[in-house]
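Reading through the structure tokens given below for one structure.
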Amino acid sequence: MTIFDSLKSQQADICLILEGTYPFVSGGVSNWVSELIRVFPQYSFAVIFLGTRAEDYAAPCYPLEKNLVHLEMHYLFEEKKSPKNLNKNIDKKTAATVEAMHDKFVPFIEDKSNNLTEIAELYELFELLDDGEKLNECLFLRSKAAWQLIIKRYSDRYPDQSFFDYFWSVRNLHRPFWELKKIINHVPKFKVLHSASTGYAGFLGALLQKKYALPYILTEHGIYTKERWIELMHHYFFESTLNKLGSFERDDVILNIWIHFFEILAKVGYCAADLIISLTEEYRNRQIADGAIPAKTKIISYGIDFSRFLFLGKKKPNSEQAIIACIGRVVPIKDIKTFIRASALIIKKIPNAEAWIVGAMQEDPEYVTACKSLIATLGLENKIKFLGVQKIMDIYPKIDLLVLTSISEGSPFVMLESLAVGIPIVATNVGGCAELIHGNGTEDKAQGSAGRLVNIGDPSGVASAAIELLSDERAWIAAQQIGLARVRKYYSMKKLIENYGSIYEEAIAHGRNRI
């Protein structure tokens, strides 16, 4: 019997729909989920976890609270045995149904009108999905009729693109929908749906909302279309094209099909949600630009439980023996290589300094290997160290500066923790990092800066900012005190509990009309 066998309740107050996060992956969103469940013991929670493949996830990274009563895992890109209908000839009527099904999917990958009314009608495609002989996954993706249709559409629309890339794009774009159909037909009873992202999780929330007419809350910690698609494609898309990707705006037709696909998933989620929550004003504006109705949007920041993250009372570090740390998953989106290169410059200036990389390393072994090779090339194996996953309160007392070099972020929870324990920050100017360091609003900004902002992919800029803070006692202490004041005034767990508590209470008591 496993730990999950007891988590199979037939009902729960709140269903959290999560993609690639809690409880199997550590990080900001997972921390938020864990805290959300913990601080609302009066509610029972269910978690529907959507992952890539079962082999990508190990044991839970978080303790499972007593009020988590249901946990089910679904893997959207699991490899399957060769189906019995492989290359099967099908009758004209079924072939016509296959073509109609492909037509239903066209707006997901090609339609640029982005009309919410039309997008809402795409729910109809799930009426065609079937696990039997009518229109199963194999007939849609692997029959001769489907193969001929893919060839025809490729020839008509994308003849100058790689057929290999187009073919696997079609396969991988559509595969998860049959798994989602199974989920919506076999879920426990819930009172409220709450998705922690758009993407497949947000789309599943929209499907469940439509089928069961439940209140639906959508919280975005970052912007899925800018972040999650990169990680999914890194594992399941064409590597050669991805390796050449120079920026988010690269003009690549097949990549843009994927981006547009996730934009449509987001719009379906926005259309269905009764309340759309973001962490920052910048991301709220992005949601509205991407199709969210302004009246549905709301900003609720992360919250810190200060009883769990007490101020360490750290003194100004000895600049000759400073320790800097990058805390986060070792994956490309965190740009650990820039942290390594910046650390090399810092160590050149401060020879006794050390750099620590603290976080999960199993998600992208190839990237971890590349980072280790870079450290070896620099000859700094004894100075730049991988510590893996650690108890965070064992790390904070030992470090003097948090350094984040991410190319995309939401509102990093690790930054809030760092400010709460009195450690200044150097971070790239992405997502909500500017608000945490420089403040949000006139009153908050007047307090000053809790660290330094730097450009993406700029090792020398990171190094200069870090060296400045480590070498200037007055600047380090000022950043520390400003950070402490900011996080305690604007990011308390009390505010988060008040905000989400009122939302959950109204949703459970009055349904969709009051949240």
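The values are calculated or read from the model by the stated rules, or taken from the named source; none is laboratory data. These numbers come from a predicted model, not from an experiment. Here Cβ is always computed from backbone atoms with ideal geometry, including for glycine, and neighbour counts include all displayed protein chains.
The table below lists the values:
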{"item": "Members of the range 465-488 found to be touching a residue at least 24 places away in the same chain (Cβ under 8 Å) and in contact with a helix residue (DSSP H, G or I) (Cβ under 8 Å, 6 or more places away or on another chain), listed by number", "result": "466, 467, 469, 470, 471, 476, 479, 483, 484, 486, 487, 488"}
{"item": "Residue ID - farthest from residue 397 (Cα to Cα), chosen from residues in the range 268-326 that are modelled with pLDDT under 90 and basic (Lys, Arg)", "result": "286"}
{"item": "Filter result (of a type in the set (Asp, Glu) and over 24 Å from the mean Cα position of the chain (by Cα)) within the range 448-484", "result": "468, 472, 473"}
{"item": "Residue among 394, 400 that is in contact with a Pro (Cβ under 6 Å, 6 or more places away or on another chain) and under 30 Å from residue 310 (Cβ atoms)", "result": "400"}
{"item": "Scope the range 396-427; condition among the polar types (S, T, N, Q), under 19 Å from residue 486 (Cα atoms) and crowded, with 24+ Cβ neighbours inside 10 Å; matching residues", "result": "418"}
{"item": "Whichever residue in the range 22-53 is in contact with a His (Cβ under 9 Å, 6 or more places away or on another chain) and of a type outside the set (A, V, I, L, M) and, among such residues, is modelled with the lowest pLDDT", "result": "28"}
{"item": "Every residue from the range 308-333 that is within 11 Å of residue 403 (Cα to Cα) and crowded, with 20+ Cβ neighbours inside 10 Å", "result": "324, 325, 326, 327, 328"}
{"item": "Sole exception among (1) modelled with pLDDT under 95; (2) of a type in the set (D, E, K, R); (3) closer than 29 Å to residue 404 by Cβ for residue 514, by number", "result": "(3)"}
{"item": "Tally, over the range 411-435, of residues that are part of a helix (DSSP H, G or I), closer than 17 Å to residue 305 by Cβ and not acidic (Asp, Glu)", "result": "7"}
{"item": "Within the range 485-511, tally of residues that are under 26 Å from the mean Cα position of the chain (by Cα), exposed (fewer than 15 other Cβ atoms within 10 Å of the Cβ) and more than 21 Å from residue 449 (Cβ to Cβ)", "result": "4"}
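Conditions tested, residue by residue: (1) farther than 27 Å from residue 321 by Cα; (2) touching a Lys or Arg at 6+ places or on another chain (Cβ under 8 Å).
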{"position": "406", "(1), (2)": "no, yes"}
{"position": "409", "(1), (2)": "yes, no"}
{"position": "434", "(1), (2)": "yes, no"}
{"position": "442", "(1), (2)": "yes, no"}
{"position": "453", "(1), (2)": "no, no"}
{"position": "475", "(1), (2)": "no, no"}
